[in-house]
Amino acid sequence: MTTVGTAVYFDGKTSARHDVRVEVTPAALRVLSPEGAVVAEWGYDEIEPLSSPDHVLRIGKRNNPSLERLEVHDPQLATAIDDLSVPVDRSGLTERRGRRKVIGWSIAATASLFMMAVFGVPEIANRLAPFMPYGFDRKLGEAVDAQVRGSLDPRGGGGEFECGNADAEKPGRAAFDKMVGQLARAAGLPFQLRVVVIRKSDANAFALPGGYIYVHQGLVQKSERPDELAGVIAHEIGHVANRDGTRSALQAAGLSFLFGMLLGDFVGGGAVILATNAILKNSYSRDVEADADAYAVKLMAKVGGDPRALGTILQRIVGTHSGVRILLDHPETKDRVTAINLMTPPGPVRPLLDPKEWAALRRVCGQ
Amino acid sequence: MTTLEATGAGGSVPAVAPRSGVVHFIGDVRAYWRLLIRGAALLMVTLGIYRFWLNTDIRRFLWSNTEVTGHTLEYTGTARELLLGFLIAIAILVPLNVAFFILMLVVGLAEFAGVLSFALLTLFGHFAIYRARRYRLTRTIYRGVRCHQTGSAARYAIYAMFWWTLNILSLGLMYPLMAAALERFKMRNTYFGNLGGRFEGSAGSLFVRGFLMWLVVIAPLVAGVMLSFTVIDWYAWLAAAKGGADAFENLDVHTLAGVVVLVAALFWPVIAALVLYPVFQAMIWRWWVSGLRFGEVSITSRLRTGQVYRIYLRFFGYVFAFSIVAGIMLSMLYGIVTGISTLFVKPTDSNADEVASIIGGVVALGSYVVMALGFSTIYQAVVRLGLWRLISESLDISNISALDHVSAAGIPSSAVGEGLADALNMGGL
């Protein structure tokens with residue numbers, strides 16, 4: 001059975017159009033010039049289907065360095081070629097099967113990456129953080145600090161943004177520095193802490209890698225005893241000492257490599273922004289908070305203060321204020337308070353500041 | 001009359017007679033919508049991995065449904081090539097990215113990092129754009145003959161950076177010079193087989209046509225800024241801005257008026273540019289097409305500005321309708337999910353807030369993805385396809401018979417450029 005029809009042939013050497021006769025014989029596809037000379041003869045397995053509009057069958061020869069093309073407009077002829085050639089499949093079945101494989105494996109890869117992001121990245125970050133030199137924390141802290149200041153203090157108030165620089169605020173600053181100094185000496189970190197009070201009204205505090213700790217004015221006002229404030233600062237020192245910021249920056253970097261790259265995102269400075277966001281917004285896990293609490297209890301006990309005061313202020317803040325995110329980004333306040341009380345060693349406590357110093361510290365932001 | 005004499009035959013074979021106008025788009029728009037919608041859904045579940053296949057499908061569709069003198073174009077690129085190109089680009093860019101980050105931390109270049117990385121990325125981006133163009137050209141086959149592109153992408157990148165800097169410094173006045181220079185560079189390296197291209201569009205004619213538009217967009221900005229600088233009492237203004245609401249009452253009328261003028265002047269170019277964008281686009285396309293030459297072949301365009309406006313109006317109509325429908329459906333979904341969650345977590349439970357915020361976060365993220373993909377699908381189907389169709393069907397080609405006897409030349413290039421452009425978020429079509 002031989003089907004004969006007409007088609008358009010391009011020889012791949014020039015763009016000249018050749019109107020040809022095509023014979024679909026059982027052995028091979030023969031392309032004949034109008035004079036009857038054989039222009040090309042393709043075995044059916046060598047034929048390669050090529051992209052074309054719906055009403056045209058465009059075929060070439062597989063692994064052919066030249067771009068020979070046969071364009072068949074005649075539906076009967078196209079059907080005859082389709083029937084005989086395995087690679088030519090106008091029903092699209094082969095194509096769909098290949099495509100399903102792609103889709104299936106892409107979804108599998110996505111699922112793997114997602115699991116990696118949720119479980120693998122934090123684990124790797126935890127293992128990696130102890131090996132990072134402290135200089136890394138410091139540099140990272142500096143970079144993030146610039147970003148944080150930019151976002152917290154968009155007007156660039158600088159000195160005015162921090163409390164304790166005006167003359168009326170100096171005694172408060174001295175008392176604050178005394179309290180921080182006691183904690184810092186007891187902590188004995190290999191780098192210097194830099195703790196400041198900033199003019200922000202919500203009751204909050206947060207730590208950046210490398211020893212940057214910001215205490216909001218609102219937290220000072222919410223504290224009723226010096227040890228409450230000291231407890232929160234000790235908790236933040238715990239984050240610094242445990243290098244949680246560095247861990248979370250490593251985590252953010254890992255995530256941005258996983259997803260940012262896959263989604264086609266590549267921004268060098270973006271890593272800093274990501275780290276900033278991660279540190280400001282990313283909720284620390286329950287374990288990280290518990291570790292910082294345990295650290296705070298030990299530190300407070302070491303300086304002779306009341307470790308339970310941390311639990312007291314936690315309860316007060318949660319009870320009155322719902323907008324506290326970073327300090328208290330964890331629902332189980334009750335559990336935390338219980339744990340803090342359990343960890344607290346017995347023994348007498350002595351406030352970190354005397355009443356006069358505490359009264360001065362309360363006015364560190366004026367008023 | 002175009003191709004029959006090629007073999008000196010054809011008597012027995014009825015040729016496909018070219019209709020009036022030499023370029024036609026013969027694709028089924030509904031099939032294109034189907035392709036895009038299915039692609040968007042798959043992009044979502046594969047977090048974007050499917051894009052290599054979707055982009056290849058899109059190009060195949062556009063190319064093979066564009067008919068020039070009765071013969072359709074052919075796109076021979078494959079998704080596999082794009083994926084490989086992307087992997088190579090990642091292999092190059094990830095170490096660079098890490099090195100840059102570490103360098104920044106160690107040397108402490110945080111202040112310059114933004115500028116430096118922007119400059120580097122732009123340079124890389126232009127390099128990638130040129131290489132990606134090469135990939136696309138060498139995958140474009142017409143009548144069994146390949147297009148190709150020569151020229152160094154690195155030189156192009158430096159050249160492009162130079163012109164873009166001038167253009168930005170001149171507030172866009174240099175745009176015609178830049179466009180003509182870059183297009184000359186690209187076109188003199190562009191070939192259809194052995195038929196070399198070139199670009200003869202003149203910067204002067206574009207300048208003359210576009211200058212009025214530039215004045216409308218930029219002049220109020222410059223005038224407003226200058227005026228406001230002379231009338232605003234900056235010390236008083238800064239003091240007031242720091243002092244809070246009451247302090248504004250003490251400002252004098254000139255300063256307040258100056259501030260209003262300044263704000264208006266800053267907003268004006270954005271609004272004017274949005275409204276005039278279709279005019280600009282139509283002008284640029286007409287100018288670009290009319291400057292294209294391939295040997296003896298020259299092209300002109302009958303594209304009308306009104307047609308471009310209609311495309312954008314349709315786009316906004318679709319976006320509006322989609323936003324309403326998707327908004328209703330997503331909020332219903334949110335309601336249902338929240339409702340189901342209360343079956344498992346009582347509002348009085350201690351972790352109820354946490355569960356609610358997680359659900360809220362997931363729904364918000366999902367909504368963002370759905371909306372973004374929806375808009376981009378509508379854009380592809382209405383604007384991209386619409387412009388492709390309008391522009392190709394508006395073409396008049398003279399000396400078209402020169403296309404009948406072109407000899408094959410050029411070899412396929414790698415897809416690294418496409419990969420780089422993709423990784424840098426600068427991918428085009």
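The values are calculated or read from the model by the stated rules, or taken from the named source; none is laboratory data. Everything numeric here is computed off the predicted structure, so don't read it as measured data. Neighbour counts run over all protein chains shown; Cβ positions are idealised from the backbone, glycine included.
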Checklist entry - Take the residues of segment B:101-141 that are modelled with pLDDT under 75 and either of a type in the set (Gly, Ala, Ser) or within 20 Å of the chain's Cα centre (by Cα) (or both): which is surrounded by the most Cβ atoms within 10 Å (Cβ to Cβ)? => result B:Ala113
Item to check | Single residue of segment A:43-55 satisfying the filter (part of a strand (DSSP E or B) and within 11 Å of another protein chain (Cβ to nearest Cβ)) that is surrounded by the fewest Cβ atoms within 10 Å (Cβ to Cβ) | outcome: A:Glu48
Checklist outcome for this item: Residues of segment B:394-412 being touching a Lys or Arg at 6+ places or on another chain (Cβ under 6 Å) and within 14 Å of chain A (Cβ to nearest Cβ), in sequence order, are B:Ala408, B:Gly410
Checklist entry - Applying the selection to segment B:54-71, what residues are over 19 Å from the mean Cα position of the chain (by Cα) and either at the interface with chain A (Cβ under 7 Å from one of its Cβ atoms) or over 26 Å from B:Val22 (Cβ atoms) (or both)? => result B:Ser64, B:Asn65
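Residues checked against (1) touching a Leu at 6+ places or on another chain (Cβ under 7 Å); (2) within 10 Å of another protein chain (Cβ to nearest Cβ):
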site: B:Ser392; (1), (2): no, no
site: B:Ser414; (1), (2): no, no
site: B:Leu420; (1), (2): no, yes
site: B:Ala423; (1), (2): yes, yes
Item to check | Matching entry among A:Ser33, A:Ser15 (being closer than 21 Å to B:Leu73 by Cβ and in the same structural domain as A:Asp83 (by TED's automatic domain parsing)) | outcome: A:Ser15
Next on the checklist: With the structure loaded, tell me whether B:Ser414 is hydroxyl-bearing (Ser, Thr, Tyr), modelled with pLDDT of 90 or more, under 25 Å from B:Asn55 (Cα atoms) and surrounded by 12 or more Cβ atoms within 10 Å (Cβ to Cβ) or whether it fails that test.
Outcome noted: no
Checklist outcome for this item: Scanning segment B:267-325 for residues that are closer than 28 Å to B:Asn399 by Cα and among the hydroxyl-bearing types (Ser, Thr, Tyr) gives B:Ser290, B:Ser298, B:Thr300, B:Ser301, B:Thr305
Checklist entry - Of all residues in segment B:184-236 being part of a helix (DSSP H, G or I) and in contact (Cβ under 8 Å) with a residue 60 or more places away in the chain, which is nearest to B:Val297 (Cα to Cα)? => result B:Met187
Checklist outcome for this item: When segment B:42-52 is checked residue by residue, the ones that are touching a Leu at 6+ places or on another chain (Cβ under 8 Å) and in a helix (DSSP H, G or I) are B:Leu42, B:Leu43, B:Met44, B:Arg51, B:Phe52
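Here is a yes/no grid of residues against (1) surrounded by 21 or more Cβ atoms within 10 Å (Cβ to Cβ); (2) touching a residue at least 40 places away in the same chain (Cβ under 8 Å); (3) away from every other protein chain (no Cβ under 11 Å):
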site: A:Thr6; (1), (2), (3): no, yes, no
site: A:Thr25; (1), (2), (3): no, no, yes
site: A:Glu41; (1), (2), (3): no, no, yes
site: A:Leu57; (1), (2), (3): yes, no, yes
Checklist outcome for this item: Over segment B:142-151, the set of residues within 12 Å of chain A (Cβ to nearest Cβ) and either among the β-branched types (Val, Ile, Thr) or surrounded by fewer than 18 Cβ atoms within 10 Å (Cβ to Cβ) (or both) is B:Val145
Item to check | Members of segment A:107-144 found to be in a helix (DSSP H, G or I), more than 9 Å from chain B (Cβ to nearest Cβ) and closer than 16 Å to B:Phe101 by Cα, listed by number | outcome: A:Asp137, A:Arg138, A:Gly141, A:Val144
Next on the checklist: Just to be sure before I move on: is A:Thr79 out of contact with any Cys (no Cβ under 8 Å at 6 or more places or on another chain), in contact (Cβ under 8 Å) with a residue 12 or more places away in the chain and among the polar types (S, T, N, Q) in the structure I sent?
Outcome noted: no
Checklist entry - Among (1) outside the structural domain of A:Pro49 (by TED's automatic domain parsing); (2) farther than 15 Å from A:Ala252 by Cα, which single condition is A:Ser85 missing? => result (1)
Item to check | Members of segment A:203-231 found to be among the basic types (Lys, Arg) and either within 33 Å of the chain's Cα centre (by Cα) or not in a helix (DSSP H, G or I) (or both), listed by number | outcome: A:Arg225
Next on the checklist: Name the residue that is farthest from the other protein chains (Cβ to nearest Cβ), counting only residues in segment A:8-23 that are farther than 19 Å from B:Thr72 by Cβ and in a strand (DSSP E or B).
Outcome noted: A:Glu23
Next on the checklist: Being within 12 Å of chain B (Cβ to nearest Cβ) and surrounded by 14 or more Cβ atoms within 10 Å (Cβ to Cβ) is the filter here; which residues of segment A:80-106 pass it?
Outcome noted: A:Arg99, A:Val102, A:Ile103, A:Ser106
Next on the checklist: Just the residues that are in contact with a Leu (Cβ under 9 Å, 6 or more places away or on another chain) and modelled with pLDDT of 65 or more, please, taken from segment B:240-267.
Outcome noted: B:Ala240, B:Gly258, B:Val259, B:Val261, B:Leu262, B:Ala265, B:Leu266
